[in-house]
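Let me begin by presenting the structure, written as structure tokens, before commenting on it.
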Amino acid sequence: MPPTLTDTRETDRLYERVMRVIPSPEWLIHEPKIAAINRLKRDRNAVILAHNYQTPEIYHCVADIVGDSLALAKRAAETDAEVIVMAGVYFMAETAKLLNTEKIVLIPDDRAGCSLAASISGEDVRRLRATYPGVPVVSYVNTSADVKAESDICCTSSNAVEVVESLGRDRVILLPDEYLANHVAKQTDVEVITWHGHCEVHERFTGDEIRDYRDGFEGLVVVAHPECPPDVLEASDFVGSTAQMVDYVKTETPARVLMLTECSMSDNVAAEVSDVEFVRPCNLCPHMKRITLDNIHRALETLEPRVEIPETVAVTARHAVERMLAVR
Ligand code: 13P
Ligand code: SF4
């Protein structure tokens, strides 16, 4: 269907949001796709949830809700829409489905995985429990529904310390991200048993690289995600979840900033703040980048691929997610 006058007014307004980061020849390709998605979204009574790592044309132009994993889980639990499209990775879509059993939850490319989620299975968690009898299991949301189903409670990078302390125990297993678990251990008296999972995007940053950037860019402020290795976190000025990193930059407005995380996040913030210079080492998440305007449109049109979780797994996995949401 050709764009209507209303579509054109809407996309003109949207272009104002992204003009700092999307050149006009590129926008000409995105514009009709954005108009078609926004039309279809209304027809389907659908909501699009987008993680902070989605590209600006998705994040700023078709998403209804954006944020970190915790915000997306919370907002998924609250939505009245009949269809939820997760512009993110598979575990995020599974979390949305756990909280919305009756709704259609779509993931535009069902191969959008995560190296952390792939690092551990439900069977591994059962083995850990046998090795550490009675020690509660806290699983990062970056895990499969099978792993969540074997866990006592979930956490995200923004509430991990509170979740660990909420259990009132002196020892917990926090899996699968070793670096996040070590970072949490530094902030609590609770003993933290870790797993050897890593994020393939964040593990590539090094402390030496940060020092080189500081030498090259005077007054550089470095903000990092807790999935980065310990020497990187030590060399940083602020550590937080993706949403906390975004808030930090918007609130503090440093003259120059290096965001140690997936590269689309700097683009998304740069679209909104004008006085900050972003220094950008670009580490892409290949899984997040599987989501495109084209496959979002296709998912809305066909209502596929859908996320389904066997009810036997969903019951206990949901309990672990809901228990986390009750903490923070
Ligand atoms: P956040 O919960 O901080 O958004 O992190 C999710 C993620 O996948 C980071 O790599
Ligand atoms: Fe997983 Fe890392 Fe990609 Fe986040 S950035 S989805 S943790 S692989």
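Every number here is computed from the coordinates shown, using simple stated rules; none is lab data. The structure presented is a predicted model; accordingly, all values stated were derived computationally and were not measured. Positions of Cβ are generated from backbone atoms using ideal geometry, with glycine treated the same way; all protein chains shown enter the neighbour counts.
Of all residues in the range 174-190, those being in a loop (DSSP other than H, G, I, E, B) and surrounded by 23 or more Cβ atoms within 10 Å (Cβ to Cβ) number 1.
Across the range 130-156, what is the number of residues that are of a type in the set (Phe, Trp, Tyr) and in a strand (DSSP E or B)?
Keep residues of the range 130-156 that are of a type in the set (Phe, Trp, Tyr), which gives 132, 140.
Next, from what is left, pick out any that are in a strand (DSSP E or B): 140.
Total meeting the criteria: 1.
Here the helices (runs of 4 or more DSSP H) wholly within the range 8-124 that include at least 2 residues being of a type in the set (S, T, N, Q) and either within 16 Å of ligand 1 (Cβ to nearest atom) or over 25 Å from residue 179 (Cα atoms) (or both) are 24-44. For beta carbons closer than 9 Å, sequence separation of 6+ or different chains, a first residue in the range 57-73 that is hydroxyl-bearing (Ser, Thr, Tyr) and a second that is buried (at least 23 other Cβ atoms within 10 Å of the Cβ) and in a loop (DSSP other than H, G, I, E, B), the qualifying pairs are 59/52; 59/53; 69/88; 69/141; 69/142; 69/156; 69/157; 69/241.
Every listed requirement among (1) in a helix (DSSP H, G or I); (2) surrounded by fewer than 20 Cβ atoms within 10 Å (Cβ to Cβ); (3) touching a Phe, Trp or Tyr at 6+ places or on another chain (Cβ under 9 Å) is met by residue 193 save one, (1).
Residue by residue, here is whether (1) free of Cβ contacts under 8 Å to residues at least 40 places away in the same chain; (2) touching a Pro at 6+ places or on another chain (Cβ under 8 Å); (3) over 26 Å from residue 112 (Cα atoms) holds:
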site	(1), (2), (3)
215	yes, no, yes
246	no, no, no
284	no, no, no
295	no, yes, no
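Do you know which residues across the range 125-142 are within 16 Å of ligand 1 (Cβ to nearest atom) and over 24 Å from residue 201 (Cβ atoms)?
Narrowing the range 125-142 to residues within 16 Å of ligand 1 (Cβ to nearest atom): 138-142.
Correct list: empty.
Would you confirm, using the coordinates I've provided, whether residue 291 is within 16 Å of ligand 2 (Cβ to nearest atom) and either touching a Pro at 6+ places or on another chain (Cβ under 7 Å) or of a type in the set (Asp, Glu) (or both)? When the stated conditions are applied, residue 291 passes them. Looking at 224, 235, which is the one that is in contact (Cβ under 8 Å) with a residue 12 or more places away in the chain and closer than 21 Å to residue 197 by Cβ? Every option except 224 fails the conditions. Applying a threshold of 6 Å to beta carbon distances and a minimum spacing of six or more residues, or different chains, the list of pairs starting in the range 115-131 at a residue that is touching a residue at least 12 places away in the same chain (Cβ under 8 Å) and ending at one that is part of a helix (DSSP H, G or I) and within 16 Å of ligand 2 (Cβ to nearest atom) reads 117/91; 120/147; 122/147; 125/147. How do the pairs read when you match residues in the range 34-55 that are on the phi > 0 side of the Ramachandran plot with residues anywhere that are among the small types (Gly, Ala, Ser), using Cβ under 9 Å and keeping only pairs 6 or more apart or on different chains? Here the result reads 45/81, each pair linking the range 34-55 to a residue that is among the small types (Gly, Ala, Ser).
Within the range 1-16, the set of residues being touching a helix residue (DSSP H, G or I) at 6+ places or on another chain (Cβ under 8 Å) and under 19 Å from residue 59 (Cβ atoms) comprises 10, 11, 14, 15.
Screening residue 182 on (1) under 17 Å from the mean Cα position of the chain (by Cα); (2) away from ligand 2 (no atom under 15 Å from the Cβ) shows it passes everything except condition (1). Taking residue 301 as the residue in question, decide whether it is away from ligand 1 (no atom under 16 Å from the Cβ) and assigned to a helix (DSSP H, G or I). Criteria met by residue 301.
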